[in-house]
1. Any residue at all in region 25-41 that is at pLDDT 80 or above, within 22 Å of residue 145 (Cα to Cα) and over 15 Å from the mean Cα position of the chain (by Cα)?
2. Would region 72-90 turn up any residue that is part of a helix (DSSP H, G or I), modelled with pLDDT of 85 or more and surrounded by 14 or more Cβ atoms within 10 Å (Cβ to Cβ)?
3. Of everything in region 103-128, what is within 32 Å of the chain's Cα centre (by Cα), modelled with pLDDT of 90 or more, surrounded by fewer than 11 Cβ atoms within 10 Å (Cβ to Cβ) and outside any strand (DSSP E or B)? Give them in sequence order.
4. State whether the residues of region 159-170 include one that is outside any helix (DSSP H, G or I), surrounded by 11 or more Cβ atoms within 10 Å (Cβ to Cβ) and either in contact (Cβ under 8 Å) with a residue 40 or more places away in the chain or in contact with a Gly (Cβ under 6 Å, 6 or more places away or on another chain) (or both).
5. I'd like to verify a number: residues in region 137-150 that are in contact (Cβ under 8 Å) with a residue 12 or more places away in the chain and out of contact with any His (no Cβ under 8 Å at 6 or more places or on another chain), how many?
6. List the pairs whose first member sits in region 46-68 and is farther than 11 Å from residue 137 by Cβ and surrounded by fewer than 17 Cβ atoms within 10 Å (Cβ to Cβ), whose second member is acidic (Asp, Glu) and at pLDDT below 80, and whose Cβ atoms are under 8 Å apart, counting only residues at least 6 apart or on separate chains?
7. Does residue 140 meet the test of being surrounded by 13 or more Cβ atoms within 10 Å (Cβ to Cβ), in contact with a Pro (Cβ under 9 Å, 6 or more places away or on another chain), closer than 18 Å to residue 37 by Cα and among the charged types (D, E, K, R)?
Amino acid sequence: MTNDKAFASVAKIQAGLNQLAGPQKAVLQKVLGQAAIAQASIGIRLSKTPYGEPFAALTSRVGKPLRRTGNNIQRSWTAGQETPAAFVFGSRFKWLATHQYGAVIRPKRAKYLRFRMESTGKALLRRLEVTIPRRQMIPEKDTGGLGSRWTNAFKRTAKGYLEKLFKAEAA
């Protein structure tokens, strides 16, 4: 490669980086937000945490955890409020925290919780409390950071976005 070609290549890269320093940086955050939504949905479909561990098994019915409510959860993921440095990711699903962290559910206005379980037929059960095990869908700093699946997805997304940006600048 001649010096002129090398300088031209460096100039193209610099132009792309200058664009990235401006409004394109917020666009990158938007693309990363969409990648986060995809990873959260994949985790539910696979019934695995962001770290590849399987969700706790069901005790009340046959099937995969969060699959009946999973469609509601998957439709509830949001990403937005992009800035050059960040995006906000979350869910509108009312009981997401119950599944993300686990919970013990107790009756509020009655002595017992009453419900039917598929595994026991149609018998009405009464319990003083029910424990919902943790089925983590969103990675957290305290539990291992992003994990390899989310990290790799963000790397692929950022790389693809930058390649597209640089190709557009070169054209």
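1. Within region 25-41 (the criterion being at pLDDT 80 or above, within 22 Å of residue 145 (Cα to Cα) and over 15 Å from the mean Cα position of the chain (by Cα)), the answer is yes, since at least one residue qualifies.
2. Narrowing region 72-90 to residues part of a helix (DSSP H, G or I): 72-76.
Cutting the leftovers down to modelled with pLDDT of 85 or more gives us 76.
In the following step, the residues that additionally are surrounded by 14 or more Cβ atoms within 10 Å (Cβ to Cβ) were identified as 76.
Taking every residue of region 72-90 in turn, at least one turns out to be part of a helix (DSSP H, G or I), modelled with pLDDT of 85 or more and surrounded by 14 or more Cβ atoms within 10 Å (Cβ to Cβ).
3. So the first thing to find is which residues in region 103-128 are within 32 Å of the chain's Cα centre (by Cα), and the list is 103-108, 113, 115-119.
Of the ones still in play, those that are also modelled with pLDDT of 90 or more are 103-108, 113.
Cutting the leftovers down to surrounded by fewer than 11 Cβ atoms within 10 Å (Cβ to Cβ) gives us 104, 108.
The answer is 108, and nothing else.
4. Residues of region 159-170 that are outside any helix (DSSP H, G or I), as a first pass: none.
Within region 159-170 (the criterion being outside any helix (DSSP H, G or I), surrounded by 11 or more Cβ atoms within 10 Å (Cβ to Cβ) and either in contact (Cβ under 8 Å) with a residue 40 or more places away in the chain or in contact with a Gly (Cβ under 6 Å, 6 or more places away or on another chain) (or both)), the answer is no, since none of the residues qualifies.
5. First pass over region 137-150, keeping only residues in contact (Cβ under 8 Å) with a residue 12 or more places away in the chain: 137-139, 143-144, 146-150.
If we keep only those that are out of contact with any His (no Cβ under 8 Å at 6 or more places or on another chain) as well, we get 138-139, 143-144, 146-150.
Summing the residues that are in contact (Cβ under 8 Å) with a residue 12 or more places away in the chain and out of contact with any His (no Cβ under 8 Å at 6 or more places or on another chain) in region 137-150 gives 9.
6. Here the result reads 60/118; 61/118; 62/118, each pair linking region 46-68 to a residue that is acidic (Asp, Glu) and at pLDDT below 80.
7. Working: surrounded by 13 or more Cβ atoms within 10 Å (Cβ to Cβ): yes; in contact with a Pro (Cβ under 9 Å, 6 or more places away or on another chain): yes; closer than 18 Å to residue 37 by Cα: yes; among the charged types (D, E, K, R): yes.
Against the criterion (surrounded by 13 or more Cβ atoms within 10 Å (Cβ to Cβ), in contact with a Pro (Cβ under 9 Å, 6 or more places away or on another chain), closer than 18 Å to residue 37 by Cα and among the charged types (D, E, K, R)), residue 140 qualifies.
The values are calculated or read from the model by the stated rules, or taken from the named source; none is laboratory data. All values reported here derive from a predicted model rather than from experimental measurement. As a convention, Cβ positions derive from the backbone with ideal geometry for all residues, glycine included, and neighbour counts pool all protein chains shown.
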